1. Restricting the range 97-121 to residues that are assigned to a loop (DSSP other than H, G, I, E, B) and among the hydrophobic types (A, V, I, L, M, F, W, C), which is farthest from the chain's Cα centre (by Cα)?
2. For Ala85, only one of the following conditions fails: (1) buried (at least 21 other Cβ atoms within 10 Å of the Cβ); (2) assigned to a helix (DSSP H, G or I). What is its number?
3. Given Lys343, Lys320, Lys301, Lys330, which one is farther than 30 Å from Phe383 by Cβ and charged (D, E, K, R)?
4. List every residue pair whose Cβ atoms sit under 7 Å apart, with the two residues 6 or more apart in sequence or on different chains, where the first one lies in the range 96-118 and is more than 22 Å from Leu425 (Cβ to Cβ) and modelled with pLDDT under 95 and the second, anywhere, is of a type in the set (Phe, Trp, Tyr) and in a loop (DSSP other than H, G, I, E, B).
5. Filter the range 277-294 for residues that are in a loop (DSSP other than H, G, I, E, B) and either exposed (fewer than 12 other Cβ atoms within 10 Å of the Cβ) or in contact with a Cys (Cβ under 9 Å, 6 or more places away or on another chain) (or both) and give the result.
6. When you look at Ile142, is it free of Cβ contacts under 8 Å to residues at least 40 places away in the same chain and of a type in the set (A, V, I, L, M), yes or no?
7. Using the structure shown, decide if Val81 is in contact with a Gly (Cβ under 7 Å, 6 or more places away or on another chain) and under 29 Å from Ile214 (Cα atoms).
8. For Ile438, state whether it is in contact (Cβ under 8 Å) with a residue 12 or more places away in the chain, more than 24 Å from Tyr318 (Cα to Cα) and crowded, with 21+ Cβ neighbours inside 10 Å.
Amino acid sequence: MFYKLFIYMFKYFESNLKKLSLILLLLLPISLLTGPAIPDISITLIGILFLINAFIKKDFKWLFEKWVIFGFIFWMSIMFVSFYAIDVNNSLQNAFIFLRYIIFTIAVSYWLLIEKELFILFLKILTITLIFILLDCIYQFINYDALEGFGKDIFGFSSTHYGRLSGPFNDDIPGSHISRYIFFSIFLFVVHKKNFYLNNFTLILFITFTIYIIWLSGEAMAIATTIMGIIIYLVLIKEKKIIILIGTLTSILLIFLTNNFHSMNKDYEIISSTPHHHGLLINKHGECKNIKNTSCSKIIKTNPKFNEVINNFSESIYYKIYLDAFIMWKDNLLTGVGLNNYKKACLENKKYRSIKINYEECSTHPHNIYVQFLSETGLIGLFTFIIFILSILFKLFVNFSRYTNKISFICFSIIFWPLMSTGSLLKNWYGIEVFLVIGLLLTLSNFNLIKTESKF
């Protein structure tokens, strides 16, 4: 009786389930600016509402998708290895709630954005959000102070590191955030056929300032993956190729002018420079805040240049972290130390931190998703994760001649390129971003929105 009543109630509100979920999804690009809490609640609710809808309609066709099957296999594997973790409860908790990412991705690609119009609407909201971030970062850049670095954004946020941008995030992450979505916005410009010349001009401005702001952000991996994406685009894709090239060259010109003429690159002496974290020590000169026409100086500790880290990688923090992770894995080949147990293992066993020359604290995670799963879930977790990722890859590239598949390849490469530092997929903000991208790519693979090549 109660079951029938339950079914009747939800059938009554059936249409509202999808409407509510769709609203939460459409607001997600905006809510991601607020921090991890609201987006995490949103994707969890979307997942729950999707499952309720599936039970009401008895629609479980999505369970037979290969990537979904491998996703659940991966999830069950990290649940299994959690019983062998240093901290079993911590590992099991993180493994269990990881399921919300997979369910959310299914909901996006098989329920919410199955109509082209809704998919395009989402991309419009996403692009407008990116433009807002760009404008906010430009405002921050304009308010530069020689001794303090980039100024506050429109919300009063400022970077915690000299020479970095925070944008509206209150954290030094605008570059990495933008880099994950830039090619979805490019796709939107290509799809949009109206106002041809205005469309191209706007796209040039968008590409120019996107690359420029990512460079200004100082996030080395965001810069590297964006450059990689642009190169792949210019090699593989003809649509808007000239426009993308013009925008890229214009951004390079802005970067050149900034490097040679902006005060941020003048009036300082390097005291010491090492590949260590915050290993660049400079003495910066500038006008005193309280005394006009008077020069002051400030000792500033900041991160080393990207090339110095690469050239002296064995002395960098990334090498130390990866080496610790490798030692952890050698001691726990099949199951690892447990999900989200990297720091705990480092703190409890001197063996995993004895090599930390110049670094006193243990990192929260290994800063690479593959190294993280290797050290925390062993060969079992890493193997099932790679199979899961490859199953998504095969789903995306059934027909690589299509424009949508080529765009998908670029976006996929940006988030899953193995040779880069990353956040932890267990941390809700980064995890949400990665699985949102996966959901959008799976959705995109179902559409063929580009039938003819554009003029430029």
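The values are calculated or read from the model by the stated rules, or taken from the named source; none is laboratory data. The shown structure was predicted, so the numbers you read here are calculated from the model rather than taken from an experiment. Note: ideal-geometry Cβ built from the backbone for every residue, glycine included; neighbour counts use all protein chains shown.
1. Ile114
2. It is condition (2) that Ala85 fails.
3. Selected residue: Lys301, the only one of Lys343, Lys320, Lys301, Lys330 that is farther than 30 Å from Phe383 by Cβ and charged (D, E, K, R).
4. Going by the 7 Å Cβ cut-off, the qualifying pairs are Lys116/Phe447.
5. Residues of the range 277-294 that are in a loop (DSSP other than H, G, I, E, B), as a first pass: 277-279, 288-294.
Scanning the range 277-294 gives Cys288, Lys289, Asn290, Ile291, Lys292, Asn293, Thr294.
6. It is true that Ile142 is free of Cβ contacts under 8 Å to residues at least 40 places away in the same chain and of a type in the set (A, V, I, L, M).
7. no
8. Yes: the conditions hold for Ile438.
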